[in-house]
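Participant: Quick one: the structure is below, and I'll ask about it shortly.
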Amino acid sequence: MTTLPAPAPSATGAKPPATARRIGARVLIGVPLAAYALVSLYPFLWMVSGAFKDQFEVVRGGHLIPEHPTLHTLTDTWNRLHFFDYFLNSLKVTALTVVLTLLIYAAAGYAFAVLRFPGRDWLYRLFVALLFVPGVTVLLPIILLEHNLGVLGTHYGLVLPFVNGTAPLSVMLLTGAFRAVPKELRDSARVDGAGEAHIFARVHLPLARPALITVALLTAIPTWNEYLLTKVSLNDESAYTLSLGLQQLSAQNVPHYNNLMAGALIVVIPVILLFLALQRYFVNGLVGAVKG
């Protein structure tokens, strides 16, 4: 018996192919996102452009691409305001803050995720709740406490509040990462005679490396860019960080906008390079912490 072919669907009311629907959805989503990216990226590109222009060309406006590009603006900004000293100060404060944050809150995250002690869950919720407390509300108590401790106006007077301020997010991310470690690995290590410190250092820390790098990034970037507490705390110009050095540029009687843009570029380049180098771990760390 001959089988008759099925009738072809009519043109009227036919659904578009799945590929066409996917392309249409991507266009609808991609076009607004691309427009938003261009709007967001334009001020940054203008800053980069201004860093390679002289003052006259910046004030005159005109094209985004410099007509007469020069490195003099960058070198002049770097040398005239001792940006290298400010860079070292920022690097010192940021590095100390990151190291202390990882040491303290990795141990705290392990305790919340693995150990059993009275009040553990309530204490963890308290740390997470501190995420919703604006930092400016505790600025005055921090200044008074540092004055009583004798660290006001020093770099250590910046590091301690910065480490304390990273506690809620760091504890939440690292606790989630450590909870994602299979319990069987801990049990196997205990059977082999490993103590709690060995399990923490040899089992949990290596597996939580993406989360640790994520915490380091989320600590380093705001610490590097911090201005308010630094401005209130530091009085000695030799202790200034890059954010205060950049503020000095705008405080001149006749602001040189090309130097301002060059200074902003100097401040932001290390942050961008750090993020680009570690972005893969950053994404994995966030995903792993959320799953945990």
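Participant: With every protein chain left in place, what is the accessible area per residue of the range 73-288 in square angstrom, probe 1.4 Å?
Facilitator: Value returned for the range 73-288: 53 Å² of accessible area per residue.
Participant: Ordering Trp46, Trp122, Trp224 by how much accessible area each has at a 1.4 Å probe, largest first, what is the list?
Facilitator: Descending accessible area places them as Trp122, Trp46, Trp224.
Participant: For Val232 paired with Asn148, estimate the spin-label separation in nm (one decimal), with each label point 7 Å from Cα along the Cα-to-Cβ line.
Facilitator: 1.6 nm
Participant: If I ignore ligands, DNA and RNA and count only protein heavy atoms, how much of Glu57 is accessible to a 1.4 Å probe, in Å² to the nearest 10?
Facilitator: 10 Å²
Participant: Further question: Which order do the peptides 189-195, 178-184 come out in when sorted by mean C-beta neighbours inside 10 angstrom, highest first?
Facilitator: Per-residue Cβ counts within 10 Å, averaged per peptide and sorted highest first, yield 178-184, 189-195.
Participant: What number, rounded to the nearest 500 deg cm²/dmol, is the helix-based mean residue ellipticity at 222 nm of the chain, given -39500 (n - 2.57) per DSSP H run of at least four residues and division by all its residues?
Facilitator: -22500 deg cm²/dmol
Participant: Compare Ser238, Ser243 by solvent-accessible area with a 1.4 Å probe and give them largest first, with all protein chains kept in place.
Facilitator: Ser238, Ser243
Participant: For Phe84 and Gln247 in the same chain, what is the full-extension length gain: residue separation times 0.36 nm, less their Cα-Cα distance, in nm?
Facilitator: Length difference between fully extended and current span is 57.1 nm.
Participant: Then there is this: Considering only protein heavy atoms and a 1.4 Å probe, what is the carbon-and-sulfur percentage of the accessible area of the range 73-288?
Facilitator: 68 percent
Participant: OK, next. Ranked by accessible surface with a 1.4 Å probe, highest first, in what order do Thr241, Thr70 come?
Facilitator: Thr70, Thr241
Participant: Anyone know which of Pro134, Pro255, Pro168 comes out most mobile in the 10 Å Cα GNM of the chain?
Facilitator: Between Pro134, Pro255, Pro168, it is Pro134 that shows the largest mean-square fluctuation.
Participant: Next question. Along the range 233-247, what does the Karplus equation 6.51 cos²θ - 1.76 cosθ + 1.60 (θ = phi - 60°) give for ³J(HN,Hα), rounded to whole Hz, x for Gly and Pro?
Facilitator: Rounded to whole hertz, the list is 8, 8, 10, 7, 4, 5, 9, 4, 9, 4, 5, 6, x, 5, 5.
Participant: Then there's this: How many Å² of accessible area per residue for the range 21-69, probe 1.4 Å?
Facilitator: With all protein chains present, the range 21-69 gives 76 Å² per residue.
Participant: Between Val99 and Arg280, what is the label-to-label distance in nm when each label sits 7 Å out along the Cα-to-Cβ direction?
Facilitator: 2.7 nm
Participant: Give me log10 I(q)/I(0) at q = 0.16 Å⁻¹ for the range 73-288, Debye formula, one equal scatterer per alpha-carbon, no solvent.
Facilitator: For the range 73-288 at q = 0.16 Å⁻¹, log10 I(q)/I(0) is -1.10.
Participant: Can you give the net charge of the other residues whose Cβ lies under 15 Å from the Cβ of Leu139, counting K and R as +1 and D and E as -1?
Facilitator: Spelling it out: positives minus negatives among the neighbours equals -1.
Participant: Defining a contact as two alpha carbons under 8 Å apart and six or more residues distant in sequence, what relative contact order in percent does the chain show?
Facilitator: 30 percent
The values are calculated or read from the model by the stated rules, or taken from the named source; none is laboratory data. Given the structure is predicted, the values throughout are model-derived calculations rather than measurements. A quick note on method: Cβ atoms are made from the backbone with ideal geometry, for glycine too, and the neighbour counts reach across all protein chains shown. Note: areas computed on protein heavy atoms with side chains; ligands, DNA, RNA excluded. Shrake-Rupley method; radii C 1.70, N 1.55, O 1.52, S 1.80 Å.
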